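Data block below; observations after.
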Amino acid sequence: MDVPQYIEANRERFFADLKEWLAIPSISGDPAHHGDVRRSAEWFAAHLRAVGFPTVEVWETAGLPAVFAEWPAADPAAPSVVVYGHHDVQPVEPLGEWETDPFTPLEKGDRLIGRGTSDDKGQVFFHTLGVQANMAASGASAPPVTVKLLVEGEEESGSLHFPELLRTHRDRLDCDAIVISDTSMWSEDVPSMCTGMRGLTEAEVSLYGPESDLHSGSFGGAVPNPLHAMAALLAALHDADGRVTLPGFYDDVLPLTAEERELFARLPFDEAEWLRTAGGSRAPYGEKGFTTLERVWARPTAEINGMWGGHTGPGGKTIVPREAHAKISFRLVAGQDPAKVQESFRTWVERNTPPGIRADIVTGGAVRACFSPIGSASVQAAKRAMEKAFGQEVLFTREGGSGPEADLADILEAPLVFVGLGLDSDRIHAPNEKAEMPLLLKGAEAAAYLWDEFATALRTA
């Protein structure tokens, strides 16, 4: 029995089991559901034991539990691969917009509707079928590489305890590559692989002037106005070409290669349609010299998320306000250090704050960007596996979002490989989240081929 035959023969069992897991409301961001997150971990651990993984453990953290499983290769010298995903899910509000109960998975044609179908239980789950299909096709009792699953329970609430979990179990997680199955493809008929995700850091700026609001007739034009100062400060954050003006902001940015730009350009991107999905935006905007896709995927940004101060209620109030506030976020790309960007922003604000105004800067959390070179042995091996499953060329993308992938790469000291088969239309984090059932089966097929490709490519890399 070959891989596609095994997957088709086990299709009904696969989706029946997945629906059981999806029915557990493992919402990590809601303390009322923390017991469900634990129940989700225990269910998945039991399923992995039933599948045949020799080692399955629920790993505790200071927060919510992760699941670890290992299936050693018969050859002790074979490469090892960690597969990362998460079993926690987003909240489901607003409930009134769901077509069905979010935790009663519903098949509608080729779609499976329910929270977690795409992000990320469905994508984690196809690996369990893939490893079985690989061994069924070869007649072996163990995979050709050592397969380790690490499925965390706090990704949707910030992966707060994940770095410490990685450090605690560093020896158990030793590997030659890390497979990420928590991303998307370009479209159902244009398979693609993600090669990087942007990072993120945030800041809040407060500017203070007089000790109290002042009468604008008596004092306006004669004392500094914090809102004027804030407007000028934020306007100066970009130059006329849309570039961020912080000193050194671009110094460490990993530039796009000519090959990457050519591959991005081959994607069937309709900018007018994209603008319609961007809240009906009327025109593209951004750093000069880059396409929309390059800006979203591979260039850093600074965004003003909010600005407030002074009188905002009904009617007029002619004052010089005492203070002004703004929230700013930076999307970062490979090579950039969030701490360095935070310090640069702090220095820039202090240097550009006018006399008579006091600045207070509070920086927020940070997520580092991650990147996988498209020419690496591990990425090329995964590309071959996906092309075998889909029967056509696989292109490359990046993603604008952020996750814990940089911690995985840095702490485990192994390259990242993104094998995700979600779609932008899957409505992750929104009502009526869905997964395309044929794509989940293609994911299992690609995963089955992946282990043979890695067995050769990583041994010689």
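Residues that are touching a His at 6+ places or on another chain (Cβ under 9 Å) and either at pLDDT below 95 or hydrophobic (A, V, I, L, M, F, W, C) (or both) were ranked within region 298-316; the one that is farthest from Glu399 (Cα to Cα) is Trp308. Only one entry of Gly309, Gly313, Gly286 meets the criterion of being open to solvent by less than 40 Å² (accessible area, probe 1.4 Å) and in contact with a Leu (Cβ under 8 Å, 6 or more places away or on another chain), and that entry is Gly309. Residues in region 140-163 that are open to solvent by 10 Å² or more (accessible area, probe 1.4 Å), more than 19 Å from the chain's Cα centre (by Cα) and of a type outside the set (A, V, I, L, M, F, W, C): Ser141, Pro144, Thr146, Lys148. Residues satisfying the criterion are absent from region 7-26 (criterion: in contact with a helix residue (DSSP H, G or I) (Cβ under 6 Å, 6 or more places away or on another chain), open to solvent by 40 Å² or more (accessible area, probe 1.4 Å) and not in a helix (DSSP H, G or I)).
Tally time: how many residues in region 211-244 are closer than 17 Å to Ala359 by Cβ, open to solvent by 50 Å² or more (accessible area, probe 1.4 Å) and in a loop (DSSP other than H, G, I, E, B)? Residues in region 211-244 being closer than 17 Å to Ala359 by Cβ, open to solvent by 50 Å² or more (accessible area, probe 1.4 Å) and in a loop (DSSP other than H, G, I, E, B): 3 in total. If the condition is being in contact with a Gly (Cβ under 8 Å, 6 or more places away or on another chain), of a type outside the set (Lys, Arg) and farther than 21 Å from Glu405 by Cβ, then region 416-434 contributes only Glu433.
Just give me the residues in region 245-271 being of a type in the set (D, E, K, R), within 22 Å of the chain's Cα centre (by Cα) and assigned to a helix (DSSP H, G or I), in sequence order.
Those that are of a type in the set (D, E, K, R), within 22 Å of the chain's Cα centre (by Cα) and assigned to a helix (DSSP H, G or I): Glu260, Arg261.
Residue by residue, here is whether (1) without any contact (Cβ under 8 Å) to a residue 40 or more places away in the chain; (2) over 25 Å from Gly335 (Cβ atoms); (3) within 20 Å of the chain's Cα centre (by Cα) holds:
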position: Thr347; (1), (2), (3): no, no, no
position: Arg351; (1), (2), (3): yes, no, no
position: Asp360; (1), (2), (3): no, yes, no
position: Thr363; (1), (2), (3): no, no, no
position: Cys370; (1), (2), (3): no, no, yes
position: Ile374; (1), (2), (3): no, no, yes
position: Val379; (1), (2), (3): no, no, yes
position: Glu413; (1), (2), (3): yes, no, yes
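Remark: pairs (first residue in region 311-323, assigned to a loop (DSSP other than H, G, I, E, B); second residue surrounded by 10 or more Cβ atoms within 10 Å (Cβ to Cβ) and of a type in the set (Asp, Glu); Cβ separation under 7 Å; 6+ apart in sequence or on different chains) = Pro321/Asp213; Arg322/Asp213.
The values are calculated or read from the model by the stated rules, or taken from the named source; none is laboratory data. Fair warning: this is a prediction, and the values are worked out from it, not measured in the lab. Note that we place each Cβ from the backbone using ideal geometry, even for glycine, and neighbour counts take in every protein chain shown. Please note that ligands, DNA and RNA were not included when accessible areas were found on the heavy atoms of the full protein model with its side chains. Shrake-Rupley method; radii C 1.70, N 1.55, O 1.52, S 1.80 Å.
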